[in-house]
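Inspection log for the structure reproduced underneath, given as structure tokens.
The values are calculated or read from the model by the stated rules, or taken from the named source; none is laboratory data. What you are looking at is a predicted structure, and each value in this text was computed from that prediction instead of being measured. Here the Cβ is made from the backbone with ideal geometry for all residues, glycine too, and neighbour counts use every protein chain on show.
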């Protein structure tokens, strides 16, 4: 089944006929470089065992490609007019389900209908895998990526186009300006790779910033190191709330009313951490070790 080549002229003609314009408030920037769509597809490595979630259907340019290789595609579009146009493009593909809604219930949770639809499609395919493959709207990229590491089923792989600045934050190394709680949250559980940086010219309308294709692959061995993911997530965010403060100060602040300053000093000493260092200087492994020591100490304090 051949899908239309969604070039710039094709999209502009479709929009003109429909009497609509791309909506900036929905982050509608359409990828018009077909070679980059092919690169996303190669990076996603889709098979008939895959149930793919796409957030930001647009006109279905990527969707139609994925439908040819995946077992099932669940695509979510918030814009009613865009969802209607996409339905026309995707009508020939029986393995595509379009949901017209916001993919997020709130900033900390994906919408229940989105996850339930994915689960239903996975149940219909024995041995299925869950993947996120999407040209993500910039304004929802962080909560989508972050939240997918806390839901069931666990995503097997994410291949997304996002703002270059965000991709660099996710892939950042210690002692750099981009290293953050988000870097640690993702890297503590996943292998991360920036596949390609993309200029504004490959999109229509052109965004004001560069973008990147980012590959995120959850790693079971990495995830096993984090005992309590919710505690880890909350504590790491607290440690980076005042990122320029010394480590002792941010740990004392994060553990206020939970651990005494003396207990914090003892834990830092046991972890061989310099109280006058900063959280942004610590590699992921040391952050994991520190947070786990805090978790155990807090639990013991609660029980005593």
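Of all residues being free of Cβ contacts under 8 Å to residues at least 60 places away in the same chain and in a helix (DSSP H, G or I) in the range 49-66, which is nearest to residue 153 (Cα to Cα)? Just the residue, please.
Checking each candidate, the answer is 63.
With the structure loaded, tell me whether residue 214 is more than 30 Å from residue 37 (Cβ to Cβ) and at pLDDT 95 or above or whether it fails that test.
It is false that residue 214 is more than 30 Å from residue 37 (Cβ to Cβ) and at pLDDT 95 or above.
Condition check ((1) assigned by TED's automatic domain parsing to the domain that holds residue 187; (2) touching a strand residue (DSSP E or B) at 6+ places or on another chain (Cβ under 6 Å); (3) closer than 17 Å to residue 40 by Cα) across all residues:
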| site | (1), (2), (3) |
| --- | --- |
| 58 | yes, yes, yes |
| 67 | yes, yes, yes |
| 73 | yes, yes, yes |
| 76 | yes, yes, no |
| 84 | yes, no, no |
| 93 | yes, no, no |
| 102 | yes, no, no |
| 118 | yes, yes, no |
| 122 | yes, yes, no |
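Based on what the data block shows, is residue 243 surrounded by fewer than 16 Cβ atoms within 10 Å (Cβ to Cβ), in the same structural domain as residue 161 (by TED's automatic domain parsing) and outside any helix (DSSP H, G or I)?
Against the criterion (surrounded by fewer than 16 Cβ atoms within 10 Å (Cβ to Cβ), in the same structural domain as residue 161 (by TED's automatic domain parsing) and outside any helix (DSSP H, G or I)), residue 243 does not qualify.
Would you check if there is a residue in the range 156-164 being assigned to a helix (DSSP H, G or I) and surrounded by 16 or more Cβ atoms within 10 Å (Cβ to Cβ)?
Checked against the condition, which is being assigned to a helix (DSSP H, G or I) and surrounded by 16 or more Cβ atoms within 10 Å (Cβ to Cβ), the range 156-164 yields at least one hit.
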